[in-house]
1. Can you tell me which residues in the range 170-180 are in contact with an Asp or Glu (Cβ under 9 Å, 6 or more places away or on another chain), among the aliphatic types (A, V, I, L, M) and either at pLDDT 85 or above or outside any strand (DSSP E or B) (or both)?
2. Considering only residues that are of a type in the set (Phe, Trp, Tyr) and modelled with pLDDT of 85 or more, look in the range 132-169 and name the one that is farthest from residue 213 (Cα to Cα).
3. Which residues, counting only those in the range 126-156, are closer than 19 Å to residue 66 by Cα, touching a residue at least 40 places away in the same chain (Cβ under 8 Å) and part of a loop (DSSP other than H, G, I, E, B)?
4. Step by step: first the residues of the range 55-75, then only those that are surrounded by fewer than 23 Cβ atoms within 10 Å (Cβ to Cβ) and assigned to a strand (DSSP E or B), then the one that is modelled with the lowest pLDDT. Which residue is that?
5. Every residue in the range 181-215 that is among the hydrophobic types (A, V, I, L, M, F, W, C), over 24 Å from the mean Cα position of the chain (by Cα) and at pLDDT below 80, please.
Amino acid sequence: MPPIEPLEPRTLLTAGGLDPTFGVGGKVTTNFTVPLAAHAFALAALPDGRTVVFARSPLGDAQPLSMARFTSSGKIDPTFGQAGEVFRGYGAAGDPFDALRLPDGKLIVLVHRGEKELSVARYLADGAPDTTFGHAGTTILPLTNLLDARFAVAPDGKIVVVVAGFMETICLFRLTASGMLDTSFGNAGTATVDNKLDLFIDLHLKLAVRPDGRI
């Protein structure tokens, strides 16, 4: 069983030293209220100095999404979610892959739902699901298999998701800003690229959308 690894957001001074005004001596250790270990995988800094931490919380075969928001001084922000935290499962083998904060303050998370489903979920700035996105806040992308996935947001708000699986193709999906497949992209919102991968190559995806919309 892996060791318990508490979440530790830290603030560094310009010179590289820990900021003593943040937490205790520049360090904050947080355990989520659920009895699970939390492993941070993404971080979003807000313009007002607050920070949102995105984490995986192993629970059997699943790794439910955990989010916490901290004030600029390193304290849990009670105005986010429930007492500063959001905890949400996405079914068996759920595993968050990627996350970011949008310019309007909303949060987007990409979550693995087993080998044949990938969820794109959007949350409001306060941690509540954004019910105007997809279906009640979530869009599910059907897959044949899945190794890794990442996403990026275009200047017009459209969301591009790249997925790699065990087959010799990389799949691209483009969603509208409201979370629906963008039928003006590829074949009804999807496109594939032959990547000539061997079966067991360790893959690390990166994705960028240019100002002109090219990927």
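The values are calculated or read from the model by the stated rules, or taken from the named source; none is laboratory data. Quick caveat, the model's predicted, so the values are computed rather than measured. Don't worry about glycine lacking a Cβ; one is built from the backbone with ideal geometry, like all the others, and counts go over all protein chains shown.
1. Here is the first cut: in the range 170-180, the residues in contact with an Asp or Glu (Cβ under 9 Å, 6 or more places away or on another chain) are 170, 173-177, 179.
Filter again for among the aliphatic types (A, V, I, L, M), leaving 170, 175, 177.
Selection gives 175, 177.
2. First, pick out the residues of the range 132-169 that are of a type in the set (Phe, Trp, Tyr): 133, 151, 166.
This time we only want the ones that are modelled with pLDDT of 85 or more, so: 133, 151.
On the way: 133: 21, 151: 14 Å.
Filtering first and then ranking leaves 133.
3. Once the filter is applied, which keeps residues that are closer than 19 Å to residue 66 by Cα, touching a residue at least 40 places away in the same chain (Cβ under 8 Å) and part of a loop (DSSP other than H, G, I, E, B), the range 126-156 yields 126, 127, 128.
4. Once the filter is applied, the top-ranked residue is 62.
5. The initial filter retains those residues of the range 181-215 that are among the hydrophobic types (A, V, I, L, M, F, W, C), namely 181, 185, 188, 191, 193, 197, 199-201, 203, 205, 207-209, 215.
From what is left, the residues that are over 24 Å from the mean Cα position of the chain (by Cα) are 188, 197, 199-200.
Scanning the range 181-215 gives 197, 199, 200.
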